[in-house]
1. Along the Cα-to-C-beta direction of residue 73, a point sits 7 Å from the Cα; which residues of region 108-131 have their amide N less than 13 Å from that point?
2. Spin-label point model (7 Å from Cα, Cβ direction): what's the residue 94 to residue 80 distance in nm?
3. Determine by what factor the alpha-carbon radius of gyration of region 55-126 differs from 2.2 N^0.38 Å, reporting the quotient.
4. Can you work out the FRET efficiency for the pair residue 112 and residue 150, with r the C-beta to C-beta distance and R0 = 35 Å, to the nearest 0.05?
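Read-outs: derived from the displayed coordinates by stated rules, not from any lab. These numbers come from a predicted model, not from an experiment. Don't worry about glycine lacking a Cβ; one is built from the backbone with ideal geometry, like all the others, and counts go over all protein chains shown.
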């Protein structure tokens, strides 16, 4: 009888041990870039992204060329994200905003919104800055913002 009680006790303890749900820390938001399917405790580690697409139309392109602009450099929070040659880039109308094909991926750690500083600088052939544009934009997770450069 003692043997049956001991086996019964072991079975009960095993069931309790296996049925207890252990805390697994991670990102529990399905819309995040780093969702953890196994996590059951959100630890604030979720990352999100948005997109910023820079562009200018043919009128601005023509003005850039008429003013001997050799390149336009786009900075995002003071880091270079794009160099544009006005001879090559031609958009006659606003491009379709996309989070996968053109533009700059904006990573947001732990938040679904980020305010960024955008600077576009126009340089001549001697790499002298001729003009710059500054703007602040708020990028939201899963969305795309269009930034138009106008000369």
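1. 119-131
2. Taking the two extended label points, one gets 3.0 nm.
3. Scaled against compact globular proteins, the figure is 1.25.
4. Using R0 = 35 Å, I get an efficiency of 0.75.
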